[in-house]
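Asks: I am attaching a structure below and will ask some questions about it afterwards.
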Amino acid sequence: MTRLNYLNTLKRKLIVLIISLSFVAVAQASWVIQPDSSHVHFMSIKATHIGEVHSFSKLSGSVKDNGQATLQIDLASVDTLIPIRDERMRELLFEVEQHPTAVVDSTIPIDAFQDMLVGTETQTQLDANLKFKTTNNQISAEVIVSRPKESTFIIQSKSPVLLSASSLKVTKGLEKLREIAGLPSISFAIPVSFRLTFEKD
């Protein structure tokens, strides 16, 4: 092979490599969760009639342009407004040393959302898998999707998603919390609501 042919071959390979890298970059472009304007809340119901709302302060995740979506919830960031209760939940309920993160995986029709006009909203159903501690739970949520500006989408629950303490395998932890707090009961039903703001990466 002459030097000229070698250089032409090398040039073609470099062009193919650049095109391939560009394609990968586009394919991996994503919409990223903005934690300051996003939240996940869950409710506990104790002594039959007393409801309290709690939240997680640290969220992360993204939606790729192919629709693959992931939400990561830092379980150690639980916030019940009572520090000692936060500590007990981290230790007895979530066991954060062994299971620091809950992960929600879903597929979101981002192509359809990108056709939305700014200032509009739509409703849809999203199916997802919740990885919590050692469990995988299939969940379904009716959501409202809005587009406040060109680079931003908001996905929020239309109504609470009802989780089960039995399915999450936290009934023993709830029982320990009930005993420590001296309560007659803590409900195994866990309503969850969310509002997730995504911006183009």
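Asks: Under a point spin-label approximation (7 Å from Cα along Cα-to-Cβ), what is the LYS169-ARG195 distance to one decimal in nm?
Replies: 3.4 nm
Asks: What whole-number value in Å² describes the accessible area per residue of the stretch 86-162 for a 1.4 Å probe?
Replies: So the stretch 86-162 comes to 56 Å² accessible per residue, rounded to a whole number.
Asks: Could I ask something else about it? Can you give the angle from 0 to 90° between the axis of helix 171-181 and the longest principal axis of the chain, with both taken from C-alpha atoms, to the nearest 10?
Replies: On a 0 to 90 degree scale, this one is about 50.
Asks: Something else about it: What list of whole percents do you get for P(r) of the chain, with Cα-Cα distances grouped in 10 Å bins up to the one holding the largest distance?
Replies: Bins of 10 Å from zero give 8, 30, 27, 16, 9, 5, 3, 1, 0 percent of pairs.
Asks: Just add up the charged neighbours of VAL96: K/R +1, D/E -1, any other residue whose Cβ is under 9 Å from the Cβ of VAL96.
Replies: On the way: positive: ARG90; negative: ASP74, GLU91, GLU95, GLU97.
Computed value for this residue: -3.
Asks: Same structure again: Quick one: net charge of PRO83's neighbours, Cβ under 13 Å, K/R +1, D/E -1?
Replies: -1
Asks: At most 11 other Cβ atoms within 10 Å plus a DSSP loop assignment makes a site exposed; report the longest stretch of the chain without any exposed GluC sites (Glu not before Pro).
Replies: Maximal segment without exposed cleavage sites: 1-96.
Asks: Tell me which of PRO191, LEU75, ILE180 sits at the most positive position along the dipole axis of the chain, charges placed on C-beta atoms (Lys, Arg +1; Asp, Glu -1).
Replies: Checked the options; the winner is LEU75.
Asks: For the chain, what relative contact order do you get, as a whole percent, if you take Cα pairs closer than 8 Å and at least 6 residues apart? Mind showing how you got there, number by number?
Replies: Working: 386 pairs, mean separation 46.7, N = 201.
Answer for the chain is 23 percent.
Asks: Can you give the local net charge around GLU179? Use residues other than it whose beta-carbon is closer than 12 angstrom to its beta-carbon, Lys and Arg +1, Asp and Glu -1. Could the numbers behind the result be given before it?
Replies: Values: positive: ARG88, LYS172, LYS176, ARG178; negative: GLU175.
Net of charged neighbours comes to +3.
Asks: Also, quick follow-up: What FRET efficiency would be calculated for the residue pair ARG178, SER57, taking the C-beta separation as r and a Förster radius of 25 Å, to the nearest 0.05?
Replies: Calculated transfer efficiency: 0.50.
Asks: Sticking with this structure for a sec: If each DSSP helix of 4+ residues adds -39,500 (n - 2.57) and the sum is divided by the residues in the chain, what number results at 222 nm, nearest 500 deg cm²/dmol?
Replies: -7500 deg cm²/dmol
Asks: Taking a probe of 1.4 angstrom, what is the accessible area of ILE73 in Å², to the nearest 10?
Replies: About 20 Å², ignoring ligands and nucleic acids.
Asks: Karplus couplings for the stretch 106-123 from phi (6.51 cos²θ - 1.76 cosθ + 1.60, θ = phi - 60°), rounded to Hz, Gly and Pro as x?
Replies: Residue by residue, the stretch 106-123 yields 8, 10, 10, x, 5, 4, 5, 5, 5, 8, 5, 7, 4, x, 10, 9, 8, 10 Hz.
Asks: Of LYS46/LYS131; LYS131/LYS200; LYS58/LYS131; LYS64/LYS149, which sit over 22 Å apart, Cα to Cα?
Replies: Violating the 22 Å limit, Cα to Cα: LYS46/LYS131; LYS131/LYS200.
Asks: Kindly sort SER167, SER146 by accessible area of their heavy atoms, largest first, with the probe set to 1.4 Å.
Replies: Most to least solvent-accessible, the answer reads SER167, SER146.
Asks: Taking Cα atoms, how many degrees apart are the long axis of helix 3-27 and the longest axis of the chain, rounded to 10 and kept between 0 and 90?
Replies: For helix 3-27, the angle is close to 30 degrees.
Asks: With r defined as the distance between the Cβ atoms of ASP127 and HIS41 and R0 fixed at 22 Å, what FRET efficiency is calculated, to the nearest 0.05?
Replies: Between ASP127 and HIS41 the formula returns 0.60.
The values are calculated or read from the model by the stated rules, or taken from the named source; none is laboratory data. Note that the coordinates shown come from a computational prediction; the quantities given were computed from them, not determined experimentally. Using ideal geometry, Cβ is built from the backbone for each residue, glycine included, and neighbour counts are taken over all protein chains shown. Note: areas computed on protein heavy atoms with side chains; ligands, DNA, RNA excluded. Shrake-Rupley method; radii C 1.70, N 1.55, O 1.52, S 1.80 Å.
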